[in-house]
Amino acid sequence: MKIPPSDRGTIMEGTAFILLTQGIHGISYGLVLFLAASGLSMIFGLMDILNLSHAYLFMLAAYFAFSIAQVTNFWVALLLAPLAIACIGMLLERYLIKPVHPFGHTPELVLTLGIGMVLLEVVKSIWGTTMLTVMPPESLQGFIPIGYLKYPVYRIFIIVFTIIILCGLHQLFRRTRFGTIVRAATVNSDMVSALGINVPRIYTLFFGFGTWLAGLAGVVVAPLLSVHPGLADQVGLDAFVVVVLGGLGSLWGAFVASILIGLLNTYGIQLIPTVAPLITFSLMVLVLTVKPTGLFGDRQ
Amino acid sequence: MQLVVKDLNTFYGAIHALQNISLSIAEGEIVALLGRNGMGKSTTLKSIMGIIKPRSGSIQFNGNELAGLPPHKIAQAGIGYVPEDRQVFGNLTIEENLMMGQMGIKNKNAAGPKWTLDRIYEHFPFMVKKHGLKARFISGGEQQMLSIARALMGNPSLLLIDEPSEGLSPIIVNEVRDILAEINKEGVSVLLVEHNYKVAVYLAKRIYLMGKAHIGYENSVGHLEAHPEIRSQFLEV
Ligand SMILES: Nc1ncnc2c1ncn2[C@@H]1O[C@H](COP(=O)(O)OP(=O)(O)OP(=O)(O)O)[C@@H](O)[C@H]1O
Ligand SMILES: [Mg+2]
């Protein structure tokens, strides 16, 4: 059969649009990953703590979002749930992680993983194991047209929201006292305290800040994926790969790696569904073999 | 006396790095602490600063006990620290480094007029043009000046300075020396650790000499100059 030239054009355009929307899907998932991973990466960069409970705090935020949205709405959840997570994060750092930190990495990994397991059990006992749905707020439901296709408004919201947060992070680090102190303490925390700054307090606040970001990610992801106990592993693993891939402690590395993993995930599922989950890991192994410090990092 | 250190003992694991160190500094005085490599001069400053916790002994500053306090409390009490190797924040600009010196200090009742960016720029004119430059891009001498200026921004009444002339050319060494003399004229006392004997005796009125982990000699500069055998016992290699 002969396809008329005009139709040939539309088919090609159609394919292009599918690839384009897949691309936006990938980017929006990548940006959520970035929100989830950035706190993990920054906490490692400043405090040398690999917090394995980070992904579980992220999951807890999604459950908080579910419950808060039930009695109020999504926007209140977006405000309150991350703050609650930040408070929990600060308490964990202050009373559990800080006392263990001087004893080295292994006890700390065991402790933070243990905290994660406890959070998981708490979630299961309060909310059960069924999949819960959080609806996007009404103003973000529906689709906007992109060419022939309609694209979910909520995904566009995620992209815009995360970019605003990213710009906010940049400003925080460049322009505020807190940001200056954090940058200085990342390279030489002893010197910072010798200048009269209470570094342990900065650490606790910063831990809260990193977990606040995980909380934001958890709330934003809730309407996108269903809320269930497997969320921590599902997104947490990707977030972990992002942090390692981007270079532990490197924010820009985490950003680039997030987008990469997001795109790989969506295009991968389209093109070769069965091996898609392997792609991320293969990429990580490949990058680490070539450059053990990650794409942008300087630590192993 | 402004600072009175008594029977300070500090350990690195099993190594007894400071053994009953006692020294004192009067208000407005420059005192030098000299000795060969590895005797414990830097450890003495770090112990006073609380960066390494002394195991026992007392550190009285204006009558208040500082031993056992964390470094930020000691800095807030009015002690400025200019460490070995300068330790400027290379990833911060000159101006950000200076601001770091001021942010944590609430108690601003220091000797002499308060230090501000403007006054720092008057004393260190090279910083005006370079204020937006990352500190890792300036020369060693400039980093030394920045480290001193950063400590001054906290309006300390006592500065602990560790080998400010190390690795600098003779001209720059004299510049650093003159800056320290200027600062001292403004009422800041100085505990100076130095390998450069000339700089030390130019600035200080009193000298402490360290042997291994202990203080072996204490007297005026005049006395030390008159006894070359003491110099050779503690300083020459
Ligand atoms: N972090 C550390 N761990 C173990 N031992 C240390 C440590 N720092 C210093 N020491 C030891 O403590 C002793 C005193 O060191 P310190 O740095 O105070 O000497 P110093 O007089 O400042 O020497 P220099 O003139 O070379 O700077 C040395 O024997 C040194 O090897
Ligand atoms: Mg030394």
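I'd like the full set of residues that are open to solvent by 30 Å² or more (accessible area, probe 1.4 Å) and either closer than 27 Å to B:GLY187 by Cβ or more than 14 Å from chain A (Cβ to nearest Cβ) (or both), limited to the range B:30-57. B:ARG36, B:ASN37, B:GLY38, B:MET39, B:LYS46, B:ILE51, B:ARG55, B:SER56, B:GLY57 - these are the residues of the range B:30-57 that are open to solvent by 30 Å² or more (accessible area, probe 1.4 Å) and either closer than 27 Å to B:GLY187 by Cβ or more than 14 Å from chain A (Cβ to nearest Cβ) (or both). Keeping to the range B:130-181, report how many residues are in contact (Cβ under 8 Å) with a residue 40 or more places away in the chain and among the β-branched types (Val, Ile, Thr). The number of residues fulfilling the criteria is 4.
Quick grid of which residues meet (1) modelled with pLDDT under 90; (2) under 18 Å from A:VAL227 (Cβ atoms); (3) surrounded by 20 or more Cβ atoms within 10 Å (Cβ to Cβ):
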{"residue": "A:MET1", "(1), (2), (3)": "yes, no, no"}
{"residue": "A:LEU33", "(1), (2), (3)": "no, yes, yes"}
{"residue": "A:PHE74", "(1), (2), (3)": "no, yes, yes"}
{"residue": "A:ALA84", "(1), (2), (3)": "no, yes, no"}
{"residue": "A:PRO107", "(1), (2), (3)": "no, no, no"}
{"residue": "A:LEU113", "(1), (2), (3)": "no, no, no"}
{"residue": "A:VAL118", "(1), (2), (3)": "no, no, no"}
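Here B:ILE21 meets each of (1) within 16 Å of ligand 2 (Cβ to nearest atom); (2) surrounded by 18 or more Cβ atoms within 10 Å (Cβ to Cβ); (3) closer than 30 Å to A:ARG175 by Cβ with one exception, condition (3). Could we say that B:GLU27 is touching a residue at least 12 places away in the same chain (Cβ under 8 Å) and either more than 16 Å from ligand 2 (Cβ to nearest atom) or open to solvent by less than 30 Å² (accessible area, probe 1.4 Å) (or both) here? The answer is yes for B:GLU27.
Give the range B:62-108 a look and list any residue that's of a type in the set (D, E, K, R), more than 9 Å from chain A (Cβ to nearest Cβ) and under 19 Å from B:ILE120 (Cα atoms), or say none.
At the first step, the residues of the range B:62-108 found to be of a type in the set (D, E, K, R) are B:65, B:73, B:84-86, B:95-96, B:106, B:108.
In the following step, the residues that additionally are more than 9 Å from chain A (Cβ to nearest Cβ) were identified as B:65, B:84-86, B:95, B:108.
Correct list: B:ARG86, B:GLU95, B:LYS108.
Looking at B:ALA32, is it of a type in the set (A, V, I, L, M, F, W, C), more than 16 Å from ligand 2 (Cβ to nearest atom) and over 16 Å from B:ALA149 (Cα atoms)?
Working: of a type in the set (A, V, I, L, M, F, W, C): yes; more than 16 Å from ligand 2 (Cβ to nearest atom): no; over 16 Å from B:ALA149 (Cα atoms): yes.
It is false that B:ALA32 is of a type in the set (A, V, I, L, M, F, W, C), more than 16 Å from ligand 2 (Cβ to nearest atom) and over 16 Å from B:ALA149 (Cα atoms).
Among residues of the range B:132-190 being crowded, with 21+ Cβ neighbours inside 10 Å and in a strand (DSSP E or B), the one that is farthest from ligand 1 (Cβ to nearest atom) is B:SER189.
All conditions in (1) closer than 20 Å to B:ALA26 by Cα; (2) without any contact (Cβ under 8 Å) to a residue 40 or more places away in the chain; (3) in contact with a Lys or Arg (Cβ under 9 Å, 6 or more places away or on another chain) hold for B:GLU96, with the sole exception of (1). Filtered by the rule that a residue be touching a Phe, Trp or Tyr at 6+ places or on another chain (Cβ under 9 Å) and facing chain B (nearest Cβ under 7 Å), the range A:193-204 gives A:ALA194, A:LEU195.
Go through the range B:32-75 and give me each residue that's within 16 Å of ligand 1 (Cβ to nearest atom) and part of a strand (DSSP E or B).
We begin by selecting, within the range B:32-75, every residue within 16 Å of ligand 1 (Cβ to nearest atom); these are B:32-55, B:57, B:71.
If the condition is that a residue be within 16 Å of ligand 1 (Cβ to nearest atom) and part of a strand (DSSP E or B), then B:ALA32, B:LEU33, B:LEU34, B:GLY35, B:GLY57 are the ones that fit.
State whether one or more residues within the range B:191-200 are more than 25 Å from B:GLY78 (Cβ to Cβ), free of Cβ contacts under 8 Å to residues at least 40 places away in the same chain and open to solvent by 10 Å² or more (accessible area, probe 1.4 Å). Yes, the conditions are met somewhere in the range B:191-200. Scan the range B:76-89 for residues that are part of a loop (DSSP other than H, G, I, E, B), closer than 21 Å to A:ILE202 by Cβ and within 16 Å of ligand 2 (Cβ to nearest atom) and the total you get is 2.
Confirm whether B:ALA77 is open to solvent by less than 50 Å² (accessible area, probe 1.4 Å) and under 22 Å from A:GLY179 (Cα atoms).
Numbers: open to solvent by less than 50 Å² (accessible area, probe 1.4 Å): yes; under 22 Å from A:GLY179 (Cα atoms): no.
Spelling it out, it is not the case that B:ALA77 is open to solvent by less than 50 Å² (accessible area, probe 1.4 Å) and under 22 Å from A:GLY179 (Cα atoms).
The values are calculated or read from the model by the stated rules, or taken from the named source; none is laboratory data. Owing to the predicted nature of the structure, the values given are computational and were not obtained by experimental measurement. Here Cβ is always computed from backbone atoms with ideal geometry, including for glycine, and neighbour counts include all displayed protein chains. We work out accessible area using only protein heavy atoms, side chains counted, and drop any ligands, DNA or RNA first. Shrake-Rupley method; radii C 1.70, N 1.55, O 1.52, S 1.80 Å.
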